[in-house]
Structures are given as C-alpha cells and as structure tokens.
1. Most fluctuating residue of 83, 113, 173 in a GNM of the chain with Cα springs under 10 Å: which is it?
2. Please give the helix 89-98 orientation as an angle from the longest Cα principal axis of the chain, in degrees from 0 to 90, rounded to the nearest 10.
3. From the phi angles alone, apply the Karplus equation (6.51, -1.76, 1.60; θ = phi - 60°) to region 146-162 and give each ³J(HN,Hα) in whole Hz, x where the residue is Gly or Pro.
4. Treating the beta-carbon of each Lys and Arg as +1 and of each Asp and Glu as -1, no other charges, what is the dipole magnitude of region 39-96 about its Cα centre, to the nearest 20 debye?
5. Could you work out the local net charge near residue 227, counting Lys and Arg as +1, Asp and Glu as -1, over the other residues with Cβ closer than 15 Å to its Cβ?
6. I need the shape label for region 1-111. Rule: rounded when a/c is under 1.5, else prolate if a/b > b/c, else oblate, with a, b, c from the alpha carbon gyration tensor.
7. In degrees, nearest 10, range 0 to 90: what is the angle between the Cα axis of helix 54-65 and the longest Cα principal axis of the chain?
8. Hey, with R₀ at 41 Å, roughly what FRET efficiency would residue 36 and residue 173 work out to, going by the Cβ-Cβ distance, to 0.05?
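The values are calculated or read from the model by the stated rules, or taken from the named source; none is laboratory data. Quantities reported herein were computed from a predicted structural model and do not represent experimental measurements. Ideal geometry is used to build each Cβ from the backbone, glycine not excepted, and the neighbour counts take in all protein chains shown. Each accessible area value is taken on the protein alone, full model and side chains, heavy atoms only, with ligands, DNA and RNA left out. Shrake-Rupley method; radii C 1.70, N 1.55, O 1.52, S 1.80 Å.
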Amino acid sequence: MISSAFRNLVSSARDHARHFHDDTDHTVSAALLTASGRTVLGINAFHFLGGPCGEISALAQHASTAPDDPVVGVVAVYGPRDEVIPPCGKCRQVFHDIDPRIEFVVRGHNGLETRTAAELLPHAFDPSHLESAQTIYMWEAYEESIRSGDKTQTIRVDDPFAVGPARIVFEKESGETTSLDGTVRGVRTIRRQELTEEHAHKDGFADLRELHTALDTHYPGLDGDDPVDVVDFELIVTPE
C-alpha cells in the first residue's frame, strides 16, 4: 500500500507514458516527487550507443526547474504495457548518490509499495567511504581488554585491513554500538598453523589453545594451512 502522494505520482507517470511512448525510442516515463509536493516528469531516450533512462531525464528536468526542492520519491512506468517497473542498476546508484533515503515505487507481492534507494541497492558504492577510516567490528566482550591495552591484535579471515586510521566498533546484543578511534599499525598474512603463543597473548587470550578455540567458533572449517591476517592496532588517546 502506498500513500496518496505516491498514488498521484504513479498516475502522473502513467499519463505521461501513454501520451509520449512510441514503442521504440521513448518507452519509459518517470515522475519525481519533491519535498514540496511538486511532480517532475521525464522520458527515456533510447539509442544503440546508449541513452538516458526516464529517471535520469527527469533528474535533468528537476535540475533545470526545481534544484532547491529535493527529490523524495520516484516512479517509472513502461508505456507499452502501462506497467510500473523498478529502476535499473545505474539509476539505483545515481539516486543513492543523491540521497539513499529517496523512495522508489515498485511492485511487490501484494501490489505497489515503496523501497528506499538504499534498500534497492545493498552494498552500494559510496565514494565517501574511500576517505573515511576503516571499520573493525569487535565482539562487545572485547571492549574492556581493548580499552585496557591487553588486546592489541585481532586475527581475521577474508576481512582485509590496511595500515592507517580505523574505527573500532563494538556491536552489542542490545543493538547499540560503541566506537573507539584507533590505528592499524601492521597487517601480516600467515598460515593458521604458524600462530604462536605470542599471537594469542596479544589477542587477549590466555594461551594458543584458547585462541584456536575462538577461531573455530568464528570460522568453522578453517584449516591449518588456510591464510589468516594478523592485524595489529592501537587506540588513539585524546589528551584531556
């Protein structure tokens, strides 16, 4: 079920598609809903070398007519069948870049519904992440030992890190998170069977046997010859 504002948006897109589709080069109409309630329309322009989707054409129209009125909703309609269709991958990324909270009208199992750009594009590329500190997720029980400096290392499998700034995030069973600023000081790949008592102690364990028990819990099926990354880190202490 969608809101009346989105029903009107669907109706506008369908009317636009019926009026302008030609079954060849212009088949998909798109309608954007802005924060003020305005509707901005667009239609695709097919060409064998490529051409803008209806949603992208509508974005260009929005940029020239209402750039200060943010887009909050989108719907696309395939004119020849008068059918609401989901956005292509490129459009999902474009709108995600504008605002991942923008809602798209799509057809679900029980009719029309809305999904945000973020929901339609899980694991979207976000260029801002390239400039931000890497995130190291930790079990909440490790927080005290990391704060005290007893744990300055973590063993990871298929979870790559690089030397540089890091955010150490503790995921709690309550759903809350706590984070600490830190730095990855070194990363070295070795075979599991090469782990030593020293690795265990730096990882906050009493001995190597305890470390291997933890690895078996986190990474079932990990063999002795499998590679593991030894990640050394330290907290950044802010002067009071």
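1. 173
2. Here the helix axis deviates by roughly 80 degrees.
3. Whole-Hz 3J(HN,Hα) from phi for region 146-162: 6, 4, 7, x, 6, 10, 10, 8, 9, 9, 10, 10, 6, 9, x, 9, 9.
4. 220
5. -3
6. Because its axes are fairly even, with a/c under 1.5, region 1-111 counts as rounded.
7. That works out to roughly 80 degrees.
8. 0.45
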